[in-house]
Amino acid sequence: MVDVKDVAVDKILVAARGPLRHQSDRKRKRIPNGPRGVDRDSDWGCSKHDGWVQGYSFEVVVTATKASTAFPLLASADRASARETRTFAEKIGALPESTQHVTADSGYDSNALGEWDALFFCTGSYESLG
């Protein structure tokens, strides 16, 4: 049985294939020429680990109970520009009822998530109020 009392959430960025489409190109509605063409659905996002990336993001919620194997519970894909505060807020309702702690990095820090009645944001992790 999987222990879902403690979970962790994080987002990673994955670069799109093909040439980059910079903001100046987007404003002019210009599509750069390239051997495979530009990915028009991708978008720019920034992370402390990867810097600026044109592509997509993947967000995963996994079990994070001490001394147990991490098991994926929820996952999603979006454009790189998707904000963690929005994407995780959509997943809160799908967390198991027995989840008590959610560990997340500072990208998830927001008033909206901190005011969710079952979780409290503190020093880089969400901790149970009850």
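The values are calculated or read from the model by the stated rules, or taken from the named source; none is laboratory data. Computed from a prediction, not measured in an experiment: that's the story for all the values here. Positions of Cβ are backbone-derived with ideal geometry, glycine not excepted, and every protein chain shown enters the neighbour counts.
General remarks:
- Residues of region 73-95 satisfying the condition of being loosely packed, with under 15 Cβ neighbours inside 10 Å and modelled with pLDDT of 95 or more: Ala75, Ala77
- Pick from region 56-69, criterion surrounded by fewer than 19 Cβ atoms within 10 Å (Cβ to Cβ) and touching a residue at least 60 places away in the same chain (Cβ under 8 Å), ranking: farthest from Gly37 (Cα to Cα): Lys66
- Residues in region 12-37 that are modelled with pLDDT of 75 or more and either assigned to a loop (DSSP other than H, G, I, E, B) or of a type in the set (Asp, Glu) (or both): Ala16, Arg17, Gly18, Pro19, Leu20.
- Residues considered: Val53, Val2. Of these, the only one that is touching a residue at least 40 places away in the same chain (Cβ under 8 Å) and loosely packed, with under 15 Cβ neighbours inside 10 Å is Val2.
- Single residue of region 96-126 satisfying the filter (modelled with pLDDT of 85 or more and touching a Leu at 6+ places or on another chain (Cβ under 8 Å)) that is nearest to Val4 (Cα to Cα): Pro96
- Hits in region 5-26 (condition: touching a residue at least 24 places away in the same chain (Cβ under 8 Å) and closer than 24 Å to Lys48 by Cα): Val7, Ala8, Val9, Asp10, Lys11, Ile12, Leu13, Val14, Ala15, Ala16, Leu20, Arg21
- Just one of (1) in a loop (DSSP other than H, G, I, E, B); (2) at pLDDT 80 or above fails for Val7. It is (1).
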